[in-house]
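Here is the structure we will look at.
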Amino acid sequence: MIDHKITLGLSTIFKREYLRGTNTYTGTNASLDYLLSTPEVLDIIIEASSNMLDPLLPEEYITVGKYIELTHEQPTLTLAGQTISTVLTVIEITGNKILLDVSCHDDIGLICRGKYERAIVKKDKLMDATYRRAQSNM
């Protein structure tokens, strides 16, 4: 069992403000440059969950994404000054797995919602497994 400080009901609001006026993920249609893309929503959720959970772990551990279920409900603009708020709440802890309820909002309302599972892993073991896998393909 990993000694961590993550608790059921733990919640945070992560905010990302857009300063540049376009999203960072280019889509297939240049006319959609000012819309928040689903990959960018995922990036926000990953950053927000890492910022929330990782500081609550012993130094040699981190969390990594395991599974995500996401519904992108509404389009939103990424104009300069626009803020996207992401609400994360821990709804289940099972062994080394943390299940989060997530939702993203702009100034108008809900953009997306879903569930996101992250696993607590030891950094050095993760890297060892990664290198072993890469070497098996050489």
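Please tell me the relative contact order of the chain in percent, rounded to the nearest whole number, where contacts are Cα pairs under 8 Å and at least six residues apart.
29
So what's the convex hull volume per residue for the Cα atoms of the chain, in Å³?
On the way: hull volume 19.2 nm³, N = 138.
It comes to 139 Å³ per residue, whole-number rounded.
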If the cut-off is 15 Å between C-alpha atoms, which aspartates and glutamates fall inside it for residue 122, apart from same-chain ones fewer than 8 positions away? 3, 54, 59, 60
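Quick check on the chain: helices-only [θ] at 222 nm, where DSSP H runs of length 4 and up contribute -39,500 (n - 2.57) each and the sum goes over total residues. Nearest 500, please. Intermediate results must be reported in sequence, preceding the final value.
Values: 2 runs with 30 residues, N = 138.
The helix contribution divided over the chain gives -7000 deg cm²/dmol.
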Simple spin-label model, 7 Å along Cα-to-Cβ: residue 94 to residue 5 in nm? 2.7
Around residue 15, with a cut-off of 13 angstrom between Cβ atoms, what is the net charge of the other residues, counting Lys and Arg +1 and Asp and Glu -1? -3
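Give the calculated FRET efficiency between residue 138 and residue 64 to the nearest 0.05, with a Förster radius of 35 Å applied to their Cβ-Cβ distance. It would help to have the intermediate numbers written out before the result.
On the way: r = 24 Å, r/R0 = 0.68.
Once rounded, the FRET efficiency stands at 0.90.
Taken together, the values in this text are just the output of simple stated rules run on the coordinates, not laboratory data. Keep in mind that what you see is a predicted model, and the values were worked out from it rather than measured. For neighbour counting, all protein chains shown are included, and Cβ atoms are generated from backbone atoms with ideal geometry for every residue, glycine included.
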